[in-house]
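This is the structure I want to talk about, given as structure tokens.
The values are calculated or read from the model by the stated rules, or taken from the named source; none is laboratory data. On a predicted model such as this, the values are computed, not experimentally measured, just so you know. Here the Cβ positions follow ideal geometry from the backbone for every residue, glycine too, while neighbour counts run over all protein chains shown. Remember, those area values only see protein heavy atoms, side chains included, never the ligands or the DNA or RNA. Shrake-Rupley method; radii C 1.70, N 1.55, O 1.52, S 1.80 Å.
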Amino acid sequence: MLAIIGGSGLSQLSNLDVASRRIARTPYGEPSSVLTFGRLGKEEAIFLARHGHQHTMPPHRVNYRANLWALRENGATHIVSVASVGGILAGLNPGDLIIPHQILDYTWGRASSFFEEEGTPVTHIDFTEPYDARLRQSLLDAAKMAGIPARDGGVYAATQGPRLETAAEINRLERDGAEIVGMTGMPEAALARELEIPYAMISLVANHAAGRNGSHHGIDFGQLETVLSEAMEKVRAMLARIALPREERNTHQAKGGEP
Ligand code: HPA
């Protein structure tokens, strides 16, 4: 079953044909929101609001482990994350959609592994390609079908937040190779890999990153809300057309990497 983790601007999925809701509990605590079960186009789906339904949980306080565990326990076989980002790469504009292919992680102090309890054997996951190639392709195909432009690939930098970055920090991220910047991409992607669940992200450019183009003199939060609500309509249209890559369920790790 497809799971959608919705970020800022997507705390509910209005085109999900809701069948039921469930409060989940996990050994890691409670997930950010109730799980909503339903149907999205061709797929059965579960929806979870990353920041809570009232958008009250900041990126560094999200219980990523509980979220991922709850989704797996409730039948998620593929996870699509929807997250807003700042655009660093020249040419990216508010409203653009990107399916990133790589990650730089600048977060700290977040519970970022299921393999850190006392007595747990040391476990290193392969994370060379952090996003699942086949699920990325499903997203690109869905975008194409919906007639919505989506950029194939991007290097996502995960920052700690909740504050936005300084202009100098964005310059450093760019020197590191980052093309977009957000606050919630990690440890979510790594935890999905630990659970061997194919995971990919739809990033939605909400603003030019600090010090860039329209954000030379600061980031306009008023504009950010409008851009997000418009772009989320595109995300919804895309998600309604997604078809999961069936035959390769949960085989990512067993095969030791991408096909
Ligand atoms: N930086 C970090 N996270 C973000 C941004 C940004 O500019 N925009 C939306 N999420």
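Within region 29-41, restricting attention to residues that are closer than 19 Å to TYR64 by Cα and surrounded by fewer than 17 Cβ atoms within 10 Å (Cβ to Cβ), which residue is farthest from the chain's Cα centre (by Cα)?
Taking the candidates together, the pick is GLY29.
So, ARG72, is that one within 16 Å of the ligand (Cβ to nearest atom), among the basic types (Lys, Arg) and modelled with pLDDT of 95 or more or not?
Against the criterion (within 16 Å of the ligand (Cβ to nearest atom), among the basic types (Lys, Arg) and modelled with pLDDT of 95 or more), ARG72 does not qualify.
Among the residues of region 13-21, is there at least one that is closer than 28 Å to GLU117 by Cβ, out of contact with any His (no Cβ under 6 Å at 6 or more places or on another chain) and either open to solvent by 10 Å² or more (accessible area, probe 1.4 Å) or basic (Lys, Arg) (or both)?
No, every residue in region 13-21 fails to be closer than 28 Å to GLU117 by Cβ, out of contact with any His (no Cβ under 6 Å at 6 or more places or on another chain) and either open to solvent by 10 Å² or more (accessible area, probe 1.4 Å) or basic (Lys, Arg) (or both).
All but one of (1) away from the ligand (no atom under 13 Å from the Cβ); (2) open to solvent by 30 Å² or more (accessible area, probe 1.4 Å); (3) within 20 Å of LEU204 (Cβ to Cβ); (4) among the polar types (S, T, N, Q) hold for ASN63; which doesn't?
Unmet condition: (3).
The conditions are (1) on the phi < 0 side of the Ramachandran plot; (2) modelled with pLDDT under 90, and GLY9 fails exactly one of them. Which is it?
Tallying (1) on the phi < 0 side of the Ramachandran plot; (2) modelled with pLDDT under 90, GLY9 fails exactly one: (1).
When you scan region 165-184, how many residues do you find that are assigned to a loop (DSSP other than H, G, I, E, B), surrounded by fewer than 23 Cβ atoms within 10 Å (Cβ to Cβ) and within 12 Å of the ligand (Cβ to nearest atom)?
Total meeting the criteria: 1.
Could you tell me how many of the residues in region 219-248 are under 16 Å from LEU139 (Cα atoms), at pLDDT below 85 and open to solvent by less than 90 Å² (accessible area, probe 1.4 Å)?
Summing the residues that are under 16 Å from LEU139 (Cα atoms), at pLDDT below 85 and open to solvent by less than 90 Å² (accessible area, probe 1.4 Å) in region 219-248 gives 1.
Residues that are in contact with an Asp or Glu (Cβ under 8 Å, 6 or more places away or on another chain) and either small (Gly, Ala, Ser) or over 18 Å from GLU188 (Cβ atoms) (or both): does region 51-60 have at least one?
no
Table: residues versus (1) over 16 Å from the mean Cα position of the chain (by Cα); (2) of a type in the set (Gly, Ala, Ser); (3) at pLDDT 95 or above.
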| position | (1), (2), (3) |
| --- | --- |
| ALA157 | no, yes, yes |
| GLN160 | no, no, yes |
| GLU165 | yes, no, yes |
| ILE170 | yes, no, yes |
| ARG175 | yes, no, yes |
| MET183 | no, no, yes |
| LEU191 | no, no, yes |
| MET201 | no, no, yes |
| ASN213 | yes, no, no |
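Using the structure shown, decide if ALA158 is in contact (Cβ under 8 Å) with a residue 40 or more places away in the chain, in contact with a Phe, Trp or Tyr (Cβ under 7 Å, 6 or more places away or on another chain) and within 16 Å of the ligand (Cβ to nearest atom).
Yes.
Looking at region 185-215, which of its residues are more than 8 Å from the ligand (Cβ to nearest atom) and part of a loop (DSSP other than H, G, I, E, B)?
Selection gives GLY185, MET186, PRO187, LEU195, GLU196, ILE197, PRO198, GLY211, ARG212.
Suppose the filter is at pLDDT 95 or above and either surrounded by fewer than 18 Cβ atoms within 10 Å (Cβ to Cβ) or more than 28 Å from ALA243 (Cα to Cα) (or both); does GLU44 pass it?
No; evaluated as a whole, the condition is false for this residue.
Among the strands (runs of 3 or more DSSP E) contained in region 76-140, which hold 1 or more residues that are open to solvent by 10 Å² or more (accessible area, probe 1.4 Å) and under 14 Å from GLY182 (Cβ atoms)?
Hits in region 76-140: 78-87, 102-105.
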